[in-house]
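> Okay, here's the structure, questions in a sec.
Values quoted throughout were computed directly from the atomic coordinates according to the rules given, and no laboratory measurement underlies them. Being a predicted model, the structure only gives us computed values, none of them experimental. Here the Cβ positions follow ideal geometry from the backbone for every residue, glycine too, while neighbour counts run over all protein chains shown.
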């Protein structure tokens, strides 16, 4: 019941709001309220899932094995909660600052519907449909602001991601051809009997599709222009909510459905992750622009997630979940803070910067700590050294940006500071992140529980 | 039709249809976007579109030089 409601609510209100003029304050506020309601529904769902285990709903009252399965487990609900929280923060930010485009609130709600759907489905093709719903909304969102840079960014974003979606669809078709089913649980069971070459090819297709979403090196080429070119709220949505598709996909498909292929490719994944990490960090240090530094930092940060997935096992995967959550919150805060001026903002930005660098008490520290545990679990000193180098570089580039932005007399200092509610919102988000760092047990327990359900779902 | 006779699998057909509809929608969106780009930039040439990015790069370079002078 809660599951279906959490899917229908954002979708239905999104369809309604697209038709209304989103520049009116009431429409924007309605979108915020609806996102809040979705968040509450997901929280209720999460409480239920944590108490009595995963929940399955077969749509249309079809018998089991025929109808499309919706599945709420800890991993999916955690990612859905995270994404809706990010969307809520970005929308509230835009509504307070003044929405400039009539479709913005409606598109965000449709995006929320698509994202919730893909995190809560147990069927591969259904995943593709929700995935396209979410992506189509984000293509339209990326033009938000309407300037020349936004438009160019939107064109690149759309073209590259359409290619990614196409590769994903090919792999879905391949899965059906080889296993004769699309329900994730059945696919996971039957994958073991599929010809290893075919299975590897299909798994590679999924990997490429999700890496494009996530912006991993060498599929990152589109990312800096897009993140730096779009409006701050949209950049926050893309890096904080849409990129979650990639991380979730790698976990669900990689660890849940293709564990054999994942183990086979472990070294490749770690090498790619390490390359992404170093490339992102080095270029972030070299760039002068705040938006671009954050964009390259995003490439570097997802490198950590891939390294953790490559290490695998309960420790590695838990680190991957935790790191994706923390990273997505950090990026949301930082991108939103670049759009705000005035007192309090420097403090909020500093908390985000500390979190990216992994300095306690920010939650980035807990994320890094779990990464180090994964490195030690993999018994690889080289990996631990790499993680330290990556963190050191992130301290350099984050404080370079901080200094650049907040410590010197800004030529644009004449610009009036942003309204107080906007700054208060940024600070609230920063304090929320800080609280997650000071009391990390719930996050840790959540990521461990998510990995347990992920590993329990797959055959022996 | 006799019982036990071979029938075609309806699922791929349903999937292909759904994928077609989604594909059509995304292509329409992409075309709308390209149309908007042509209206705003007055060009569809990739090189001319890239020129804008080069300008942005040049601005960044100026800023970097200014930073270095300030630091020195």
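> Rg to Rh for chain B: what is it, with Cα atoms only and Rh by Kirkwood?
1.49
> Taking the number of other C-beta atoms within 10 Å as the exposure measure, put A:222, A:439 in order starting with the fewest.
The fewest-first ordering by Cβ neighbours comes to A:439, A:222.
> Something else now. Sort A:332, A:2 so that the residue with the fewest other Cβ atoms within 10 Å of its own Cβ comes first and the one with the most comes last.
A:2, A:332
> Separation of the range A:293-341 and the range A:194-236 by C-alpha centroid, Å?
That distance is 14 Å.
> How large is the convex hull of the C-alpha atoms of the protein assembly as shown per residue, in Å³?
Taking the convex hull of the Cα positions in the protein assembly as shown, it is 158 Å³ per residue.
> With only alpha-carbon pairs counted, each pair once and no self-pairs, how large is the Kirkwood hydrodynamic radius of the range A:40-103 in angstroms?
14.0 Å
> Work out the mean other chain Cβ neighbour count within 10 Å for the residues of A:225-233 and drop it here as an integer.
Counting other chains' Cβ atoms within 10 Å and averaging over A:225-233 gives 1.
> Hey, what D do you get for the range A:224-353 in µm²/s if you plug the Kirkwood alpha-carbon radius into Stokes-Einstein at 20 °C and 1.002 mPa s?
Using the Kirkwood radius from Cα pairs, D works out to 141 µm²/s.
> While we're on this one: Just the Kirkwood number for the range A:1-115, please: inverse of mean 1/r across all distinct Cα pairs, in Å, one decimal.
By the Kirkwood definition, the hydrodynamic radius is 14.7 Å.
> Moving on. Please list log₁₀ I(q)/I(0) at q = 0.15, 0.17, 0.21, 0.22 Å⁻¹ for the range A:103-219, using the Debye equation with identical point scatterers on the alpha-carbon positions.
Ignoring solvent entirely, the Cα scatterers give -0.72, -0.88, -1.16, -1.23.
> Please report B:61, B:69, B:53 as a ranked list, fewest other C-beta atoms within 10 angstrom at the top and most at the bottom.
B:69, B:61, B:53
> Counting just the Cα atoms, what span does the range A:32-191 cover along each of its three principal axes? Round to the nearest Å and put the largest first.
Principal extents (Cα only, largest first): 49, 37, 23 Å.
> Moving on to the next point. Would you please put A:94-101, A:290-297 in order of how densely packed they are, using the mean number of other Cβ atoms within 10 angstrom per residue and starting with the highest?
A:290-297, A:94-101
> Defining a contact as two alpha carbons under 8 Å apart and six or more residues distant in sequence, what relative contact order in percent does chain A show?
15 percent
> At 222 nm, what helix-only mean residue ellipticity would chain A give, in deg cm²/dmol to the nearest 500, using -39500 (n - 2.57) for each DSSP H run of four or more?
After summing the helix terms and dividing by the residues of chain A, the value is -25000 deg cm²/dmol.
> Can you give me the P(r) profile for the range A:189-267? Cα pairs, bins 5 angstrom wide beginning at 0, each as a whole percent.
3, 15, 22, 21, 14, 10, 8, 5, 2, 0
> Sticking with this structure for a sec: For B:15-26, what's the mean count of beta carbons from other chains sitting within 10 Å of each residue's beta carbon?
Counting other chains' Cβ atoms within 10 Å and averaging over B:15-26 gives 4.
> I'd like the mean, over residues of A:289-300, of how many other protein chain beta carbons sit within 10 Å of each residue's own Cβ.
The per-residue average across the peptide is 1.
> OK, next. Using the Cα atoms of the range A:225-299 to build a convex hull, what is its mean projected area in square nanometres?
The directionally averaged projection comes out at 5.3 nm².
> Hey, what's the Kirkwood Rh for the range A:111-156 if you take every pair of different alpha carbons, in angstrom?
For the range A:111-156, inverting the mean 1/r across all distinct Cα pairs yields 11.2 Å.
> Next question. What do you get for the angle between helix B:46-71 and the principal long axis of chain B? Use alpha-carbon atoms, 0 to 90 degrees, nearest ten.
Roughly 40 degrees, rounded to the nearest 10.
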